[in-house]
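Below: one structure, written as structure tokens.
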Ligand SMILES: NC(=O)c1ccc[n+]([C@@H]2O[C@H](COP(=O)([O-])OP(=O)(O)OC[C@H]3O[C@@H](n4cnc5c(N)ncnc54)[C@H](O)[C@@H]3O)[C@@H](O)[C@H]2O)c1
């Protein structure tokens, strides 16, 4: 065993490592609210000390108390490993089963400083999307994974490894729950409190389920969204050339917008308040240009419009200032959105206009009441400016970040005159729902565990060939989708999308996912691919997520406030062959606002893998198709009937549609 393998196998080290790991150069989570009483602080420290032998308690209790007071959480910085954090080729992980090694690779990728938003606070994206609550949990989990066999299942409670339980070969190797609360305890401050106590965490979607693949995961979805938003405003066959897309955020997911804008062929202006975040995206070449001055920005956009350039511009500053400036200068915005982290509005997700980045960080902790007032006033100003633009014709859509929800709570003018809903659509209502999810298209993805770009290239080629085959017999209803996805996969390599593990995302429906996965499995079996491939998806998909303000926003039968689909999904995946499954409270729009789940599946070229992938992927998509068709969604009705033709064992309950005239008479 080499040193890295020894360290993984050791878990929490017997001798205390030095407390010198906090790295100022990295991007750190904002200091969290000081929410615990004195007695609760003692409880948090008592909880944290559970991971360590009593001989260390005197020293660690003081250290953890200091962390809690300084940062509002106990991260246990001392225990950050001294090896480099990144996904390694699967063979480099110690262990007794291939699946566990693959999961270790995925965990390390989620914590890689190149990938993660606040790596030392174990946050992958979205400001609070945690893989673990503290470093002891990480160390212990990796140790368990390094010793588990395929007759055991590791049970994860919100980052805490409860232990290895005997199970069987066909069972998931890991079952993850994140943020599962008694429903009445799911308010924002409940997260602050129970997370500070060390008993729960916000797993976002792919953070707490080890399935994040860097902003690429979202570029594809964002490209589809921008392209289709463009089609919505297009006159005849007009393209997005010379049109302006104004938005905000260069963080975990939002950072994908400039690249997506480039692929879609427009001019993108993206405001970002945090200089470190902006610099990261610029150095990764995810955005073409950086502008610091509003007047210069206006000048540059005008020249880009005149020359119909395809260019993405990052503006260092507040998005509210940009909306207002463009209004004042009468600069026409074709498409508008927002991707500040408004699912987390009071703790660093949204920076109010008029305060510097540092002033906000200071105020949210020192005076949270005043900070909340500033955020709400800023949302009102932002909405007023957006309303002026939309009055001139701008197409504005909510990007699932709870912008409209929080703006409405702030009293901004975002409701329809009759009060029946928001005056702007969410991207799911207008685009992602009816065009993608209802037909079964969602963010399928895979990771080559060899970590070899050559393998990724082979998978791209296989996927591209499969889509071309599918296109030959595809019905009209899904041809556009398949063509967009073909274009995506063919350009994926040239667009240099990989950050972290050798991963690829590709929107696909059930049939596409199964055929592509089956072809990968075969390529592994015959040695064309050099190592196993991990399959997965974003939770933000056809069936994985119940979220009335996002994924299920286009469900109009009243069931969008139920969460049966996501729960059914994860249970169904678990007994149809997933290697790991997860179910989370919170993700995207916020704690208490969504239940979402996902899976990971290791393909190793075996016959069992082939059987599992067919069974599980079919369910994983068609569960949502069934629910969406029962909600009378047109595309889903089409997809449900098609799925039943393809699989005679599938028998779905389909709705009878009612003549609206009958109801009008009542
Ligand atoms: N991209 C998608 O497909 C998608 C889908 C659904 C939801 N979302 C939502 O989008 C939001 C963003 O996600 P993320 O992972 O990028 O989060 P993030 O926290 O990593 O990034 C948000 C960025 O916005 C910046 N910001 C905040 N307030 C600002 C302001 N007033 N002006 C300029 N910049 C400001 C922050 O500094 C931060 O870097 C989340 O709420 C997420 O749930 C994204």
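The values are calculated or read from the model by the stated rules, or taken from the named source; none is laboratory data. Because the structure is a prediction, the values reported are computed rather than measured. Cβ placement follows ideal geometry from the backbone for every residue including glycine, while neighbour counts extend to all protein chains displayed.
Miscellaneous remarks
- Just one of the listed residues (73, 101) is under 25 Å from the mean Cα position of the chain (by Cα) and within 30 Å of residue 606 (Cβ to Cβ), and it is 101.
- From 136, 87, 116, residue being within 22 Å of the chain's Cα centre (by Cα) and away from the ligand (no atom under 16 Å from the Cβ): 87
- Of all residues in the range 30-42, exactly one satisfies the criterion of being buried (at least 16 other Cβ atoms within 10 Å of the Cβ) and either in a helix (DSSP H, G or I) or in contact with a strand residue (DSSP E or B) (Cβ under 7 Å, 6 or more places away or on another chain) (or both), namely 41.
- Selection of first residues in the range 390-405 that are within 23 Å of residue 255 (Cβ to Cβ) and of second residues that are in a helix (DSSP H, G or I) and within 11 Å of the ligand (Cβ to nearest atom), restricted to Cβ pairs under 6 Å at least 6 apart or on distinct chains, gives the following pairs, ordered by first then second residue: 397/427; 399/427.
- Check on residue 626, part of a loop (DSSP other than H, G, I, E, B), at pLDDT 95 or above and away from the ligand (no atom under 16 Å from the Cβ): no
- Whenever a residue of the range 203-228 is at positive phi and at pLDDT below 90, its partners that are in a helix (DSSP H, G or I) and away from the ligand (no atom under 11 Å from the Cβ), lying with C-beta atoms within less than 9 angstrom and at least six residues away or across chains, give the pairs 214/109.
- From 383, 390, residue being in a helix (DSSP H, G or I) and either in contact with a helix residue (DSSP H, G or I) (Cβ under 7 Å, 6 or more places away or on another chain) or within 12 Å of the ligand (Cβ to nearest atom) (or both): 383
- In the range 318-339, the residues that are touching a helix residue (DSSP H, G or I) at 6+ places or on another chain (Cβ under 7 Å), within 14 Å of the ligand (Cβ to nearest atom) and not in a helix (DSSP H, G or I): 336, 338, 339
- Checked against the criterion of being free of Cβ contacts under 8 Å to residues at least 12 places away in the same chain and loosely packed, with under 15 Cβ neighbours inside 10 Å, the candidates 473, 469 yield just one match: 473.
- Candidate set: the range 398-421, residues that are surrounded by fewer than 18 Cβ atoms within 10 Å (Cβ to Cβ) and in contact with a helix residue (DSSP H, G or I) (Cβ under 8 Å, 6 or more places away or on another chain); chosen: the one nearest to residue 224 (Cα to Cα): 415
- Each residue in the range 255-277 was checked for being in contact with a strand residue (DSSP E or B) (Cβ under 7 Å, 6 or more places away or on another chain) and near the ligand (Cβ under 8 Å from one of its atoms), and 3 pass.
- Being more than 16 Å from the ligand (Cβ to nearest atom), modelled with pLDDT of 95 or more, more than 23 Å from residue 424 (Cβ to Cβ) and outside any helix (DSSP H, G or I) holds for only one residue in 308, 299, and it is 308.
- Residue 267 fulfils the conditions (1) surrounded by fewer than 19 Cβ atoms within 10 Å (Cβ to Cβ); (2) over 23 Å from residue 358 (Cβ atoms) except for a single criterion, (1).
- A single member of 69, 20 is part of a loop (DSSP other than H, G, I, E, B), surrounded by fewer than 18 Cβ atoms within 10 Å (Cβ to Cβ), in contact with a helix residue (DSSP H, G or I) (Cβ under 9 Å, 6 or more places away or on another chain) and free of Cβ contacts under 8 Å to residues at least 60 places away in the same chain, and it is 20.
- Check on residue 611, without any contact (Cβ under 8 Å) to a residue 60 or more places away in the chain, out of contact with any strand residue (DSSP E or B) (no Cβ under 6 Å at 6 or more places or on another chain), farther than 15 Å from residue 513 by Cβ and surrounded by fewer than 24 Cβ atoms within 10 Å (Cβ to Cβ): yes
- Consider the range 361-380 and keep the residues that are within 12 Å of the ligand (Cβ to nearest atom), under 19 Å from residue 127 (Cα atoms) and in contact (Cβ under 8 Å) with a residue 40 or more places away in the chain. The one that is surrounded by the most Cβ atoms within 10 Å (Cβ to Cβ) is 364.
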